[in-house]
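Asker: Before anything else, here's the structure in question.
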């Protein structure tokens, strides 16, 4: 009779889903995370504040996305965050994060926890407190237009492939599979670029791609290559908190949820395909032996057995690099990690990013001067006079106002994704990212230059009515010199926006390397120094242009001699 009752208890436990297991002695074991009586660190801060702030994705259905009805964050991972807040008895605040900023935000204390489709890699374990056990697993697949001829990843060598900044597999695809990586800040942008044939395919997590191919926006798209580089997903806390009260509570809660089958329930709720990782994890964390759970914390070390957690993870960044003695001495004295300078792959990326920034900035500066002078002259010619002249001036003023008042980032999106998509669907040649960015920055800064030139021309012609428009132009340029310099220097600062359309200029390249484990202090200070030198160089070139103009004769006298 007792055996029959015991059997009923086991069946009831399995059907109702509590975290329970039957020991050999007949006692019922329950795995349950406990908040310590006197918590410290981040956990104490969360409880005292009365709210839990969790970073989740908003562009990765069904793991994390926005409800189309009320724009709230929902999905598999927001459900995890909600259950965690309920266990702690605090309110929940969900914050949308991206692959490139999630770890910096948790380390800076802006959020308490990251649950954002993050693969567990060696590099990320050095950047933040990655929690064991992991809670999901995925690989990388390729989403492409139906009918693409590619059947193997090796066939993508040298071909443009869309990727999202900060993904763990980016370096491997770029460095090992030798694809021509086109980095975008979000999954939405990568999908838009794929739609307009800016790349042959989009490399992304297979879980998300399978979900995307079932939606209405995936018409004509298919997952065309098998998954590779499979990695488990980890929750992250700030570096150093993983072994403190906060990290241990999260770890115990994840173990409890695995044992209880909670992740399997969420998988079913959100329509995900069965993931073998979850089934194995549920069996592992619910298994018990001689009255204890097989995966229990060591009473001396407080750690789970290595057989229960992920120990062998992918290395997706640079292998260890041997640095010369002088660099090693600098690192020892300052803590600056200089190995990036001796990693051929990173050094090539930085050089390429610097070259892109220089080329884009210089082309846009020249374009802004040409646009400014051209529109300024045209505006001056058409001002006043007959009605037909004033009518022709209206489109010029419209171009100046629209270019000047519309944020450049919005212009980049409209031209590259909007107009470019229309041209692509119509079968026309679409402008590349570099040409698009150069034109946008040229017209954005050129519109302001046009206003400066127009006003300066009016002043010069009022002061010297005897000279013609073209003779007044050098004087007008000198008169508006400071404004022109300021506008063109701002182009250098705005060049970083070009990463929105997959131009890997210097700022985007530095951010990519930091997300892969690069020393942020070294890279950011180096970036600051390079931009300072670059801006000083631009100002030096403008001083040379001013000197030339001051020496240029205008109506028989130099600009300086004429009193301009």
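Laboratory data are not the source of any read-out in this text; all were calculated from the coordinates shown. None of these values were measured; they are calculated from a predicted model. When we count neighbours, we look across all protein chains shown, and the Cβ atoms used for this are built from the backbone with ideal geometry, even at glycine.
Asker: By counting other Cβ atoms within 10 Å of each Cβ, how are 241, 77, 332 ranked from fewest to most?
Answerer: Sorted ascending by nearby Cβ count, the order is 332, 241, 77.
Asker: Among 551, 461, what is the fewest-to-most ranking by other Cβ atoms within 10 Å? Could you put the intermediate results ahead of the total?
Answerer: Numbers: 551 10, 461 18.
With the sparsest Cβ surroundings first, the list reads 551, 461.
Asker: Oh, and also: Where does helix 344-382 land angle-wise versus the long Cα axis of the chain, in degrees 0 to 90, nearest 10?
Answerer: Tilt relative to the chain: about 40 degrees.
Asker: If you don't mind, another one. How are the Cα pair distances of the range 51-197 distributed, in percent, across 10 Å bins from 0?
Answerer: That works out to 10, 35, 34, 16, 4, 0, in percent per bin.
Asker: Next question. Give me log10 I(q)/I(0) at q = 0.08, 0.17, 0.18 Å⁻¹ for the range 342-558, Debye formula, one equal scatterer per alpha-carbon, no solvent.
Answerer: These q points yield log10 I(q)/I(0) values of -0.36, -1.17, -1.24.
Asker: Between helix 76-88 and the chain, what is the angle of the helix's C-alpha long axis to the longest principal axis, kept within 0 to 90° and rounded to the nearest 10?
Answerer: Relative to the chain, helix 76-88 is tipped by roughly 60 degrees.
Asker: Starting from the 7 Å offset along Cα-to-Cβ, what nm value, one decimal, do you get for the label separation of residue 268 and residue 539?
Answerer: For residue 268 paired with residue 539, the spin-label model returns 6.7 nm.
Asker: Continuing with the same structure: Could you tell me the relative contact order of the chain? Use alpha-carbon pairs under 8 Å, at least six residues apart, and round to a whole percent.
Answerer: It rounds to 15 percent for the chain.
Asker: Residues in the range 257-299, backbone N under 14 Å from the label point at residue 230 (7 Å along the Cα-to-beta-carbon vector): list them, ranges by number please.
Answerer: 274-281
Asker: Just to confirm the number: angle between the C-alpha axis of helix 506-515 and the first principal axis of the chain, 0 to 90 degrees, nearest 10?
Answerer: Result, in degrees: 10.
Asker: Turning to a different aspect of this structure: Only one of the values [x] 92, 74, 61; [y] 117, 58, 49; [z] 83, 67, 37 was calculated from this structure for Cα extents along the principal axes in Å; name its label.
Answerer: Among [x] 92, 74, 61; [y] 117, 58, 49; [z] 83, 67, 37, the one calculated here is [y].
Asker: Tell me, 151, 357 in order of fewest to most beta-carbon neighbours within 10 Å?
Answerer: 151, 357
Asker: Measure of size requested: the Rg and Dmax of the range 233-316, with Cα atoms as the atom set and Å as the unit; please supply both.
Answerer: 14.0, 42
Asker: In Å³ and rounded to a whole number, note down the convex hull volume per residue for the Cα atoms of the range 354-403.
Answerer: Details: hull volume 2.8 nm³, N = 50.
Expressed per residue, the convex hull around the Cα atoms of the range 354-403 is 57 Å³.
Asker: Which whole-number percent gives the relative contact order of the range 342-558, counting Cα pairs below 8 Å spaced six or more residues apart?
Answerer: 29 percent
Asker: Full extension from residue 490 to residue 300: what is 0.36 nm times the residue separation minus their Cα-Cα distance, to one decimal in nm?
Answerer: Taking residue 490 through residue 300 to full extension adds about 62.5 nm, to one decimal.
Asker: Relative to the present Cα-Cα distance, how much length would full extension add between residue 548 and residue 91 at 0.36 nm per residue of separation?
Answerer: Full-extension gain reported as 158.0 nm.
Asker: Taking every DSSP beta bridge with both residues inside the chain, roughly what % is antiparallel (nearest 5)? Numbers along the way, then the final one.
Answerer: On the way: 28 of 44 bridges.
Antiparallel: roughly 65 percent of the beta bridges in the chain.
Asker: To the nearest 500 deg cm²/dmol, what mean residue ellipticity at 222 nm is calculated for the chain from DSSP H runs of n ≥ 4 alone, each contributing -39,500 (n - 2.57), summed and divided by the residues?
Answerer: Helix contribution divided over all residues of the chain: -16000 deg cm²/dmol.
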